[in-house]
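One structure is given below, encoded as structure tokens.
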Amino acid sequence: MYRNKLIVFLVLLGLGTSLYSQQISKEELIFLTPEWKGERLDDGRPYVSDALLERMKLVTLEEAWAVLKGKNFKYQYEGDWQVINPDSVLVGRAVTAVFMPGRPDIHRVIDDRGHDQDGRIKSQNSWTIDLLIKGDVYVVDQFGAHIDGPTIGDNLGNSIYAKTGNGIVYDGALRDVNGLKEIGSFTSYYRSYHPSHHLNNPEGQLNTTLVGINTPTRIGMATVMPGDIVLGRDGGVIFIPPHLAEQVVKISEVVRLRDMFGHQRLREQKYTPGEIDTRWSEVIEKDFSKWLNEHIDELPVSKAQIQELLKTRTW
């Protein structure tokens, strides 16, 4: 009940803007993402740089989760997915869509407004896809719909991949999964498969109605905002608020380097497990700094980032 009221409220917020049907205004999106101080897209969506997205690909879910939990962001992870390309990593900026079970009266007026005011001539399941750009990840609350629920198959999948270079996070059933796997780098997370397709005719059969574009969205027990960084790997997905993305990456890089150093020194038997598993002594910290300098050109973190790390150290 509360969730439905929230969605209706957010939909009403966008009625006066006429940007796209069901999309909240730029001003409202800025209001809802106050911690982000960086660049934004024309619609108000936070824009985390491509360079940071590239570094995010090496972050583990555990590393990201620990940072978010420490900042009291407790509902950003969702698991139990089926995955296309499970050995790959999905990283990108979230574009959200919210569907609800079809209701003819609501569907009809949304269709009319979309077609008359916004000039949209396609069905609602393609409207959000029209907005996608490179580096985006399409995140869809499809309310777990299964039979007659899929709004995405290999045709729309190819369109999404051409626009974004990415896959999707889809809380519902997909169809044409074999065709989607043929796309290659379409790393995607979805709930189930069904060969049926959604029905989108308010005068006849109707299964889904689009009620939100780039609105706050619930995916399982995770809250997703447009512009969040999607990190999907190892069967799970975490949604990282954009203002925390750089911190997540930097902490991950430090952990990665310290693990490499610690493992090497343990193999060399220079330190005991007890010395490495606890707070490091000044001797070990100095050894770590020396090791960073000696291996700066061969480590899995850029030379510039290691130099930045070394500047913050006192030895």
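The values are calculated or read from the model by the stated rules, or taken from the named source; none is laboratory data. The shown structure was predicted, so the numbers you read here are calculated from the model rather than taken from an experiment. Note that we place each Cβ from the backbone using ideal geometry, even for glycine, and neighbour counts take in every protein chain shown.
Given the criterion farther than 23 Å from PRO216 by Cα and within 13 Å of the chain's Cα centre (by Cα), identify the matching residue among VAL169, VAL89, VAL139.
On the way: VAL169 fails: farther than 23 Å from PRO216 by Cα; VAL139 fails: farther than 23 Å from PRO216 by Cα.
Testing whether each residue is farther than 23 Å from PRO216 by Cα and within 13 Å of the chain's Cα centre (by Cα) leaves just VAL89.
With respect to GLU282, is the statement that it is in contact with a Phe, Trp or Tyr (Cβ under 8 Å, 6 or more places away or on another chain) and either of a type in the set (Asp, Glu) or within 22 Å of GLU62 (Cβ to Cβ) (or both) true?
Yes, satisfied.
Could you say which residue among ASP148, ASP87 is outside any helix (DSSP H, G or I), of a type in the set (Asp, Glu) and modelled with pLDDT of 95 or more?
Values: ASP148 fails: modelled with pLDDT of 95 or more.
That would be ASP87, the only listed residue that is outside any helix (DSSP H, G or I), of a type in the set (Asp, Glu) and modelled with pLDDT of 95 or more.
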(request) Considering only residues that are part of a loop (DSSP other than H, G, I, E, B) and touching a Ser or Thr at 6+ places or on another chain (Cβ under 8 Å), look in segment 151-170 and name the one that is farthest from VAL89 (Cα to Cα). (result) THR151
(request) For residues that are assigned to a loop (DSSP other than H, G, I, E, B) and touching a Lys or Arg at 6+ places or on another chain (Cβ under 7 Å), scanning just segment 24-44, find the one that is farthest from LEU210 (Cα to Cα). (result) GLY44
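Residue check: is GLN23 of a type in the set (S, T, N, Q), modelled with pLDDT of 95 or more and either in contact with a Phe, Trp or Tyr (Cβ under 9 Å, 6 or more places away or on another chain) or assigned by TED's automatic domain parsing to the domain that holds ASP130 (or both)? Can you show your working first?
Values: of a type in the set (S, T, N, Q): yes; modelled with pLDDT of 95 or more: no; either in contact with a Phe, Trp or Tyr (Cβ under 9 Å, 6 or more places away or on another chain) or assigned by TED's automatic domain parsing to the domain that holds ASP130 (or both): yes.
When the stated conditions are applied, GLN23 does not pass them.
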